[in-house]
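These notes concern the structure reproduced below.
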Amino acid sequence: MKIIDVSLTIREGMAVWPGENPVVLNRRTKIEEGAHANVSFLSLGAHTGTHVDAPFHFIADGSKVDEMPLEVLIGPAQVVEVPDSVKVINAEVLGGLKIADEPKRILFKTSNSHYWDLDTDEFQIGFVGIDLSASEELVKRGMILVGIDYLSASPYKISKPTHDELLGAQMIIIEGLDLRKVQAGFYTLYCLPLKLHGADGAPARVILIQE
Ligand SMILES: [Zn+2]
């Protein structure tokens, strides 16, 4: 059994969505300064790093993070590799990928994964996202969870159609996956978001298990 951590490390200075608050993570008391213990303070947006989107993110009466079913967050998943030449995942691209009927959880590994190798923490606006046509197809196929390797499921500045479609169908979205070490194939997904009361998103520790 192999455990692959596909979560980003949360740290100060990491890329966050434009306009979002930067991560604050620092020690307020320090042993080397005479304190009994190291104690850190943490402040971050709910959509920081590897995180889930709850339906409530775009759907006014949608369900919240603390209502997400663990039965959806945990279970078999397919990782699909999208060729680096693809700049947007549309229905046509989707049709050309080898996506199995089961499981109903799909994680897209795209050229976005290369961003995590860059020597910069700048937010990348040219990331690969899923457009409305592909979102409709994912809903039609009965997917219950979709993941992608940058900070939004949709192309930059076109957030609403994709999120409305996926979240409107009660799909759980995982964004900000680090799939660099993962090959296409079938895994068991464990996605455990922080249990934030009434929230629209939450950072998550996400692992894939390869049997
Ligand atoms: Zn999000």
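A short reminder: the numbers here are calculations on the coordinates, not readings from a lab. Please read these numbers as outputs of a predicted model, since none were measured by experiment. Reconstructed Cβ throughout: ideal geometry from the backbone, glycine too, with neighbour counts over all protein chains shown.
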Asserting the computed 222 nm helical MRE of the chain (DSSP H runs at least 4 long, -39500 (n - 2.57) per run, divided by residue count, to nearest 500) equals -3500 deg cm²/dmol
Cβ-based exposure ranking for SER135, SER85, in which fewest neighbours within 10 Å come first: SER85, SER135
What is the local net charge at GLY201, summed over the other residues whose Cβ is closer than 9 Å to its Cβ (Lys, Arg +1; Asp, Glu -1)? -3
Roughly what % antiparallel, to the nearest 5, for the DSSP beta bridges in region 76-211? 45 percent
Cα centroid separation, region 35-81 to region 84-100 (Å): 26 Å
If you take every residue apart from ASP121 with its C-beta less than 11 Å away from the C-beta of ASP121, what net charge results, scoring Lys and Arg +1 and Asp and Glu -1? -2
Within region 100-208, list the GluC sites (Glu not before Pro) lying in a DSSP loop whose Cβ has at most 11 other Cβ atoms in a 10 Å radius. GLU122
Tilt relative to the chain, helix 159-168 - C-alpha long axis, 0 to 90 degrees, to 10: 80 degrees
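Test of the criteria: in region 23-84, which trypsin sites (Lys or Arg not before Pro) are in a DSSP loop and have at most 15 other Cβ atoms within 10 angstrom of their Cβ? Intermediate values should be presented prior to the final figure.
Working: sites: ARG27, ARG28, LYS30, LYS64; in loops: LYS30, LYS64.
Filter output for region 23-84: LYS30.
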Taking the Cα centre as origin and putting +1 on Lys and Arg beta-carbons and -1 on Asp and Glu beta-carbons, what dipole magnitude results for the chain, to the nearest 20 debye? 340 debye
Find, among the trypsin sites (Lys or Arg not before Pro) in region 147-211, those assigned to loop by DSSP (not H, G, I, E, B) with at most 16 other beta-carbon atoms within 10 angstrom. LYS157, ARG180, LYS181, LYS195
